[in-house]
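Structure record follows, encoded as structure tokens.
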Ligand SMILES: *Cc1c(COP(=O)(O)O)cnc(C)c1O
């Protein structure tokens, strides 16, 4: 019987996506399983930053808004994101951050259902989404209320004619559990509600079909699986039925129908630019634009197959190698119900992750006890997965996670 390592090498040799890894700078002696928090740097992004700074900014100066088409970036980058989420180019705009964009789309959605009182989400949703929902509801002033369920199975009973908006994160940031986006969208819309999806852990991680599922609104992140760089701008999707009547509370001059007419009265764009606010961060957007070229010609059937295979291999390898230790799977055991990440619980999760990072395996820890590992099929190898499980086994066998040095908490976990 072949060793796990030998099997992994065979899988890597036969991997149709293997060559994509060369598009990224990946530090030596590091197994990077945290692309779900911050994607690694595509060389194309670094090169674009250089050109943008040295040529477009340094030489082109203000003229680059026209000559380098900086002004067209939000739409151009949106169009590049569109095929990754199953949308048309005109349905997506790149702008601001995920939290701000969620506020914009929620405010718009809430205003469309003023007579309905319930806004539905999950208590375990990424906290920013709940904070933003509370703020959007307070600002809207329609006596709407945020109701959060503890388990996805409780959603259905609360989808009725008093539901204004269903706002969910498609893939759970801790467990990696994935909602049935099409089914929940159809269910909520059948009850007359609007649907807002947060795709922070989905875009670039799993195949998505927003148009096919008739999704109303979605937001997503540029610095996770899209590898746009730290603090990369985010995106908004809206179904075309809304494009000519977009009204959002942070509309500023970039959202104006005639920005350079400098009219004192606001008139919204009649396309996705109506979701813009002020001047975009050009350097950051150029980096994301270039980072998105690594997806050119991608086959989502291959992507999903590899994502599932990496996750299954990791679960099998950890279960076998770490038997007897206090690890429990915190992700759905069925691959069809997971995004592209796997989580395990451990009572000393912080120390375990610090020890792992010190031994070259980078994942992250989410309080109180979750060890989180992301599997980005563009650059993760099967061998990385097997080696990560082996190193986790060594850390636990030798109780290295109990060393005092691994208990000191940094600000970012
Ligand atoms: C990462 C993440 C965010 C990030 O929001 P920012 O505005 O970029 O800080 C939002 N929602 C979810 C579900 C996330 O996972």
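Compared with the dominant principal axis of the Cα atoms in the chain, helix 98-112 is inclined by about 50°.
Against the chain, whose longest principal axis comes from its Cα atoms, helix 349-358 is set at around 80 degrees. Angle between the Cα long axis of helix 4-13 and the longest principal axis of the chain, 0 to 90 degrees, nearest 10? Around 40 degrees separate the two axes. For the chain, adding -39500 (n - 2.57) for each run of n ≥ 4 DSSP H residues and dividing by the number of residues yields -9500 deg cm²/dmol at 222 nm.
In whole angstrom, how far apart do the alpha carbon centroids of the range 3-31 and the range 99-149 sit? What the calculation gives is 42 Å, centre to centre.
Remark: 126, 235 ranked as 126, 235, counting other beta-carbon atoms within 10 Å and listing the fewest first. Relative to its residue count, the range 16-99 spans a Cα convex hull of 153 Å³ per residue.
For the range 315-403, the ratio of Cα radius of gyration to the globular rule of thumb 2.2 N^0.38 Å stands at 1.00.
Would you list 409, 123, 273 from fewest to most Cβ contacts within 10 Å? Don't skip to the end; give the middle numbers.
Values: 409 9, 123 12, 273 21.
So the residues, fewest neighbours to most, are 409, 123, 273.
Over every Cα atom in the range 265-306, the radius of gyration and the widest Cα-Cα span, Dmax, amount to 16.4, 52 Å. Kirkwood hydrodynamic radius of the range 19-160, from the reciprocal of the average inverse Cα-Cα distance over all distinct pairs: 19.1 Å.
In units of the compact-protein estimate 2.2 N^0.38 Å, the range 352-407 shows a Cα radius of gyration of 1.14. Extent of the chain along its three principal axes (Cα atoms, max minus min coordinate, largest first): 70, 58, 41 Å.
Assuming a viscosity of 0.692 mPa s and a temperature of 37 °C, what translational diffusion coefficient in µm² per second does Stokes-Einstein assign to the range 71-113, Rh being the Kirkwood radius over Cα pairs?
On the way: Rh = 11.2 Å.
For the chosen part, D equals 292 µm²/s.
With the alpha-carbon atoms of the range 214-324 aligned to their principal axes, the span from lowest to highest coordinate is 68, 33, 33 Å, starting with the largest.
Provide, in order from the shortest bin, the percent of all Cα-Cα pairs of the range 49-295 in each 10 Å bin, continuing until the bin that contains the maximum pair distance. That works out to 8, 32, 36, 18, 6, 1, 0, in percent per bin.
May I ask you to sort 386, 77 by Cβ crowding, counting other Cβ atoms within 10 Å and putting the fewest first?
Numbers: 386 25, 77 28.
Ranked by crowding around the Cβ, least crowded first: 386, 77.
Would you please state the base-10 log of I(q)/I(0) at q = 0.09, 0.19, 0.23 1/Å for the range 113-239, with intensities from the Debye formula using one equal scatterer on every alpha carbon? Log10 I(q)/I(0), no solvent term: -0.24, -1.09, -1.54.
Computed from the coordinates by the stated procedures, all read-outs in this text should not be read as laboratory data. Quick caveat, the model's predicted, so the values are computed rather than measured. FYI the Cβ positions are ideal-geometry reconstructions off the backbone, even for glycines, and counts take in every protein chain you see.
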